[in-house]
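The values are calculated or read from the model by the stated rules, or taken from the named source; none is laboratory data. Just so it is clear, the model here is predicted, and its values are computed rather than measured. Here the Cβ positions follow ideal geometry from the backbone for every residue, glycine too, while neighbour counts run over all protein chains shown.
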Amino acid sequence: MTRISNFAALLQAAREAGPKTIAIAAAHEKEVLQAACAAEAEGIANFILVGDRASILSLAKCAGLDLSRMEIIDQPDAKQAAATVMSLVREGRAQFAMKGRIETGDFLRAALDRETGLRTGRLLSHVGIFEIAGFDRLIFVTDAGVVVAPDIVQKVEIVQNAIDVAHALGIEQPKVAILAATEMVNPKIPTTLDAANLAKMADRGQIRGGIVDGPLALDNAISDESSSIKGIHSPVAGQADILVTPDIEAGNMLAKAITYFARGRMAGVVVGAQSPLIVASRSDPHETKLMSIALGVVLASRAG
């Protein structure tokens, strides 16, 4: 499998894997509809729009969007729309689900519903991928959107989820940096202890499919020069594919810093359910939503 190292290659892989059918919960949101139309034009996805039909049609008309090939299910209540979307995926009418004008928590609660949701017993976690100028590879950041303050058990699952996403993008042995404020293990900084434990757990096969090291500060993880100056000898230092942050606050800040300061392009997906879940922020431009759809299409096609 060829390694996907930029968004052009990701979009091409989605074209080859698609089209997949995506059900959008509370689809009455302009940027979501623009992304859906762009994905349809690229041939990567078909859509079932679940939401306020009148609002969907009004938004489409104002934006000049053609929804004629998309099925629309009228469900003005956002929570009920999310439940409907999960049922569509469970029934096989859609391959995965996407969030529209609905709170992320309500969308994920629908995914975790024991009767109509998409539970697998695995932890749900968010994996963001970034195309950043000057890097010859995609950079993964996790978890920036779901698990608020993960304990060591949850961190194992977060790392494994990210490794599995990297495998689906053709990265055979992703290099995983467990981030902390310092590269030294310090009992006064609990995140460094977690990082050291995760690295050892990977050595013992409790985390599979990647090379895991930590603690590493951000500069040590992505800069060969920084890691060399500090004398860090590690197969991950300076070469990390996946950056694992201590908690959701650090992850969210890192993701937004990449986007707003470094002008990085982002795609994101929640994994751990029966299918990928697209939960892009309402403030994300439709390009981010389009690339997230492309990511979901590739993951859905390579599941298992």
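Scoring GLY231 on the criteria (1) among the small types (Gly, Ala, Ser); (2) at pLDDT 95 or above; (3) assigned to a loop (DSSP other than H, G, I, E, B) leaves a single failure, condition (2).
When the residues of the stretch 24-46 are filtered to those that are part of a strand (DSSP E or B) and touching a Ser or Thr at 6+ places or on another chain (Cβ under 8 Å), which remaining residue is surrounded by the fewest Cβ atoms within 10 Å (Cβ to Cβ)?
Taking the candidates together, the pick is ASN46.
Of VAL176, VAL159, all but one fail to be in the same structural domain as ILE248 (by TED's automatic domain parsing), outside any helix (DSSP H, G or I) and aliphatic (A, V, I, L, M); the exception is VAL176. Filtering the stretch 174-206 to residues that are within 24 Å of PHE135 (Cβ to Cβ) and β-branched (Val, Ile, Thr) leaves VAL176, ILE178, THR182.
A Cβ distance below 6 Å, combined with a sequence gap of six or more or placement on separate chains, defines the contacts here; from the stretch 63-78, residues that are touching a residue at least 24 places away in the same chain (Cβ under 8 Å) reach residues that are of a type in the set (S, T, N, Q) and crowded, with 19+ Cβ neighbours inside 10 Å in the pairs GLN75/THR84. Please work out which residue is nearest to LEU169 (Cα to Cα), limiting yourself to the stretch 201-238 and to residues that are basic (Lys, Arg) and touching a residue at least 40 places away in the same chain (Cβ under 8 Å). Restricting to residues being basic (Lys, Arg) and touching a residue at least 40 places away in the same chain (Cβ under 8 Å), the top hit is ARG208. Across the stretch 106-121, the qualifying residues are those that are modelled with pLDDT under 95 and among the basic types (Lys, Arg), and the one among them that is nearest to LEU277 (Cα to Cα) is ARG119. Residues that are more than 12 Å from GLY296 (Cα to Cα) and polar (S, T, N, Q) within the stretch 16-50 comprise GLN34, ASN46, listed in sequence order. Among residues belonging to the stretch 112-134 that are of a type in the set (A, V, I, L, M) and over 14 Å from the mean Cα position of the chain (by Cα), point out the one that is surrounded by the fewest Cβ atoms within 10 Å (Cβ to Cβ). Looking at the filtered set, the residue picked out is ALA133. Can you say whether ILE73 is touching a Ser or Thr at 6+ places or on another chain (Cβ under 7 Å) and surrounded by fewer than 18 Cβ atoms within 10 Å (Cβ to Cβ), as far as the supplied structure shows? The answer is yes for ILE73. For the stretch 1-12, state whether one or more residues are in the same structural domain as ASP106 (by TED's automatic domain parsing), within 24 Å of GLU91 (Cβ to Cβ) and not in a loop (DSSP other than H, G, I, E, B). For the stretch 1-12, residues in the same structural domain as ASP106 (by TED's automatic domain parsing), within 24 Å of GLU91 (Cβ to Cβ) and not in a loop (DSSP other than H, G, I, E, B): absent.
Is it the case that LEU88 is under 20 Å from ALA39 (Cα atoms), assigned by TED's automatic domain parsing to the domain that holds THR191 and in contact (Cβ under 8 Å) with a residue 60 or more places away in the chain? Answer is no for this residue. Across the stretch 179-201, the qualifying residues are those that are within 17 Å of THR142 (Cα to Cα) and out of contact with any Pro (no Cβ under 6 Å at 6 or more places or on another chain), and the one among them that is surrounded by the fewest Cβ atoms within 10 Å (Cβ to Cβ) is ALA181.
Return a yes/no flag: does the stretch 288-302 have any residue that is surrounded by fewer than 17 Cβ atoms within 10 Å (Cβ to Cβ), under 16 Å from the mean Cα position of the chain (by Cα) and of a type in the set (S, T, N, Q). Yes, some residue in the stretch 288-302 is surrounded by fewer than 17 Cβ atoms within 10 Å (Cβ to Cβ), under 16 Å from the mean Cα position of the chain (by Cα) and of a type in the set (S, T, N, Q). With respect to (1) more than 19 Å from GLU131 (Cα to Cα); (2) touching a Leu at 6+ places or on another chain (Cβ under 8 Å), the lone exception for ASP151 is condition (2).
Quick one: would you say LYS61 is touching a Leu at 6+ places or on another chain (Cβ under 6 Å), basic (Lys, Arg) and either more than 25 Å from LEU118 (Cα to Cα) or surrounded by fewer than 24 Cβ atoms within 10 Å (Cβ to Cβ) (or both)? No; evaluated as a whole, the condition is false for this residue.
Which helices (runs of 4 or more DSSP H) sit wholly inside the stretch 50-115 and have at least 3 residues that are more than 17 Å from LYS30 (Cβ to Cβ)?
The helices (runs of 4 or more DSSP H) meeting that bar are 78-90, 104-112.
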